[in-house]
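The values are calculated or read from the model by the stated rules, or taken from the named source; none is laboratory data. On a predicted model such as this, the values are computed, not experimentally measured, just so you know. Backbone-built Cβ (ideal geometry, glycine too); neighbour counts: all protein chains shown. Calculation scope for accessible area: heavy atoms of the full protein, side chains included, ligands and nucleic acids excluded. Shrake-Rupley method; radii C 1.70, N 1.55, O 1.52, S 1.80 Å.
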Amino acid sequence: MSTQIYDHKTIEEKWMKSWEEQQLFQDEVHKNPQQSGSSGSARSARDDSADLKTVSAESKPTKEKMYLLFAFAYPSGAGLHVGHVESKTALDILARYHRMNGKQVFFPVGWDAFGLPAENYAVKTGVHPAITTKNAIDTFRGQIKRIGISYDWANELATNHPEYYKWTQWIFLQLHKKGLAYRGDGMVNWCPSCQTVLANEQVVNGHCERCGSEVIQKQMEQWFFKITEYKDELISGLDEVDWPHATKLQQLNWIGKSKGLAIDFMMQGSETKLTVWTKFWETVFGTTFVVIAPEQFRDMNLMDQVAESHRHTVQTYIDQSFKKTEEERKIGEKEKTGVDTGLKVINPVNGSAVPLYIADYVLMNVGTGVVMGVPAHDDRDFEFATKFKLPIIQVVSYEDKTIDRKVAEAEMSFEGPGKLMNSGNFDGLDAWHDGKQKMAEWMIKQGFANWQTTYKLRDWLISRQRYWGAPIPIVYDPSGAAHPVKEEHLPWLLPTDVEFKPTGESPLTYSKEFKERVEKLYGKGWRPEYDTMDTFVDSSWYFMRYLDARDKNEFATREQLEKWLPTDLYMIGPEHIVLHLLYARFFTKFLRDEGYLSINEPFKKMRHQGMIMGPDGKKMSKSKGNVINPDEVIEKYGADTLRVYEMFMGPIEADKPWSTSSVVGIYRFLMRIHQLVTTNIEALQSGVATSPAPELMRKLHLTMKKINDDIPALKFNTAIAAMMELLNVWEQAGKHQNTVAPTLDVDSLTSFIQVLSPFAPFLAEELYQQVKSGQQSVHLSQWPSFDEKMLVADQLVVVIQVNGKLRAEVTIPLSDKDEKQKVIELAKSQDKVKPWLQDKTIVKEIYIPGKLVNLAVS
């Protein structure tokens, strides 16, 4: 019996150092794909002179490529948490598996390094963001290497490096040339404390996610990208990708394409037209009020038509609504706040005058910002009408149900198919078919309606009034006209002589060097653009830059882009599936149209990891005190234990609570593997090996097949469960032979270590080198193939039941599978079965061949 101890610290430190020295898997993106899996000499991450991008016609790629991408990570000062470990390990398992299966794998790493957290920290402490970001990246890098993630560190990048944001700025300039980057007014989420614009995703329950201050709405002149230019292709392109259905739906909902009828209502006593957009025009005769968004009311200068007695109330309401974020207004829709303007609007279908209300639940970017209120047939309108005591007119009948009864019983509005009523010449027609179509044709013919397709998608606002971001490459002449920075002046460097003062203007405003630079290059009286770019801009094309991270002349060569894109698998958290994906798809389509790419979609396949919850089942947070530090787990149990545990917790896409006792169980599992394999090796070396039982060999090959099937399907938990079952069979077979375990031959033992290696790379390397001393790394070896013949059992286990209850099991030769009477007699003779048959009469014998015997007794 082996006396070797599973010393995870020594093993993992040894192989981490060895892999580092070998530069294992480095610069795979530039290697000739005909090369073998040997590590060779990788290009240094800082060697800008090496030209490895040209592949001759004689050496075209022969290996299938596999581009695995993990979502761009922000290097926070807190370091990695166990949630990061799950997703990185999942992709690392795939990377190791595909390499061993002969594919040329590119698995890059980089940092979404710009952003507000580092700048806020600078405001608080005076420490420059460049320093805190570098320290955070160093921490992350060390932790990731300790976990054994086989990243291509040679092509590591960070968005705050001038070599990276030079090309972010270059893309801005290309968009500007085509009129897709423009300056305009926009209502923005504004944090008074951080003194900057926030994206919708940075506003949580009306407050800044970083500092907790209440967010207000503010009108500002900003820079935009015209993403709406691609709105229809952003919809059709979803048919080309393998993404979760829910993710596609979120993309579609955000774009919000919808066809409806635009109906012109006129202000009473004026020529002002209010256009309502609706998909439910069949209910227009039931309009008893019209609601307008505060912004639309302001932009149309309708306050001039409001009576003096109403103006103060109306203005106060508008002012209050502008303090709310869009998300707050959506949430507040349930409360149905609003104010009567005192104005009337004429319904064009019947000439009735209805009141005009302002309500902040109506959004400017949905439809036309004007809504017809039909309380009988819309829940939202019903609640509003009930609150403000407005009329309710039923215009669709539903099996003799009436609005009077509904109101009396305080029910909600009626919706669904029915017959038109109180609708003039259309009474009696089917509301959702003939009546709906004929009413649309009539309104269009009358000239006050037309078909109109609307979108919720709005252009991408990229301006940020903060320092730690890529400067927008725009300068202004003395007259205030904007001009693009000349390409030869890229990268348009971020100044360093700044003060971090939250004043409402970018800290760049205080840079003396920035102003002097502009005047030196462009002329006296010229000034720079002081805003920086939304960090979403940086992360919308990083997967392209990975392919040529050191190229000084292009963002990436056409050859590399053609070879590697689209990415084969993108793993990203479900919290980033809307804006980030839309923006990355927009950049891809634009660069394709400019001739740099030939693909339509950047991410061929996408999957989402779930969340690792705290031991209490709640989301981990410092305030709850339930955060698990991966460094502490690694110190006590090892990186392999952490990796295997997180993969075993459950399906990759599910949310899972942390369990320290289960971590211990996985550690013991790896100790058992170490014990069995080292004992096996000693037996082989000493010449006292015993032949393994057939059932063990069959179980080994079944396990190999299971793991081979499960890894590409991301079913890591069931693959690990299969290894656990194999260990049980292995140990049980040893007990039958009065030994720790029967001995596997060298090839079988090697195969087991190889299928273990993607999950527990350190332990597998240690064991592999003991079996194959002096060989190259196990992670460069060829993935083992299972024997189909070994999957077929020569014996079967038959379950024995008495009156449907399990009483025993019996093993029969495969050749006896169809010998019904022979198997039944064998079942009756079992010692565990006899007591249940004693003094009983067998009234029925059931045999399912090779599986079950059931004896019914009375």
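Quick rundown of the values:
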| read-out | value |
| --- | --- |
| Approximate spin-label separation residue 131-residue 233, in nm, with each point projected 7 Å along Cα-to-Cβ | 4.6 nm |
| Label of the coordinate-derived value, log10 I(q)/I(0) by the Debye sum over Cα atoms at q = 0.05, 0.09, 0.10 Å⁻¹, listed as [x] -0.41, -1.03, -1.14; [y] -0.27, -0.89, -1.11; [z] -0.32, -0.97, -1.14 | [x] |
| In segment 469-574, lysine pairs closer than 19 Å at Cα, eight or more apart or cross-chain | 9 |
| Using alpha-carbon coordinates, inclination of helix 116-125 to the longest axis of the chain, degrees | 90 degrees |
| Euclidean distance of C-alpha centroids, segment 500-572 and segment 414-469, integer Å | 41 Å |
| Gain on full stretching of the segment that runs from residue 310 to residue 486 - 0.36 nm per residue minus C-alpha separation | 58.0 nm |
| Intensity falloff of segment 809-858 expressed as log10 I(q)/I(0), Debye formula with alpha-carbon point scatterers, at q = 0.18, 0.22, 0.27 Å⁻¹ | -0.54, -0.78, -1.10 |
| Stretch gain in nm, segment residue 456-residue 365, where the contour uses 0.36 nm per residue and the Cα spacing is subtracted | 32.2 nm |
| Linear extension gain, residue 513 paired with residue 444, 0.36 nm per residue minus alpha-carbon span | 18.7 nm |
| Point-to-point label distance, residue 775-residue 477, nm (Cα→Cβ direction, 7 Å offset) | 7.2 nm |
| For the chain, accessible area per residue (1.4 Å probe, heavy atoms of protein chains only), Å² | 44 Å² |
| Segment 838-855 versus segment 263-309: alpha-carbon centroid distance in Å | 80 Å |
| Cα-based shape type of segment 444-580, given that a ≥ b ≥ c are square roots of the gyration tensor eigenvalues and the cut on a/c is 1.5 | oblate |
| Where a label projected 7 Å from the Cα of residue 13 along Cα→Cβ would reach, residues of segment 141-163 with amide N under 12 Å | none |
| Once the Cα gyration tensor of segment 75-141 is diagonalised, semi-axes √(5λ) in Å | 33, 12, 8 |
| Two-site FRET efficiency, residue 857 against residue 721, from Cβ-Cβ distance with R₀ of 22 Å, rounded to 0.05 | 0.05 |
| Alpha-carbon centroids, segment 135-166 and segment 206-225: separation in whole Å | 30 Å |
| Accessible surface of residue 706 - all protein chains present, 1.4 Å probe, nearest 10 Å² | 80 Å² |
| About the Cα centre, charge dipole magnitude for the chain (Lys/Arg +1, Asp/Glu -1 at Cβ), debye | 860 debye |
| Rounded D (µm²/s) - segment 420-467, Kirkwood Rh over Cα pairs, Stokes-Einstein at 20 °C, 1.002 mPa s | 152 µm²/s |
| Kirkwood-based Rg to Rh ratio, segment 67-191, C-alpha trace | 1.05 |
| Helix 694-710 vs. the chain, principal-axis angle (Cα, 0 to 90°, nearest 10) | 20 degrees |
| Over 23 Å between alpha carbons, listed pairs 822/844; 636/706; 344/387 | 636/706 |
| Cα long-axis angle, helix 746-756 against the chain (0 to 90 degrees, to the nearest 10) | 20 degrees |
| Of all accessible heavy-atom area on the chain, the percent that carbon and sulfur account for (1.4 Å) | 50 percent |
| Entries in 31/145; 88/134; 789/828; 456/619 that, when Cα-Cα distance is taken, lie over 24 Å | 789/828; 456/619 |
| Theoretical FRET efficiency, 1/(1+(r/R0)^6), r = Cβ-Cβ of residue 562 and residue 728, R0 60 Å, to 0.05 | 0.75 |
| Residue-averaged [θ]222 nm for the chain, counting only DSSP H segments that reach four residues, each worth -39500 (n - 2.57) | -11000 deg cm²/dmol |
| Virtual spin-label span in nm between residue 627 and residue 605, 7 Å along Cα→Cβ | 3.5 nm |
| Kirkwood-type radius of segment 452-509, with distances r between different C-alpha atoms, in Å | 14.1 Å |
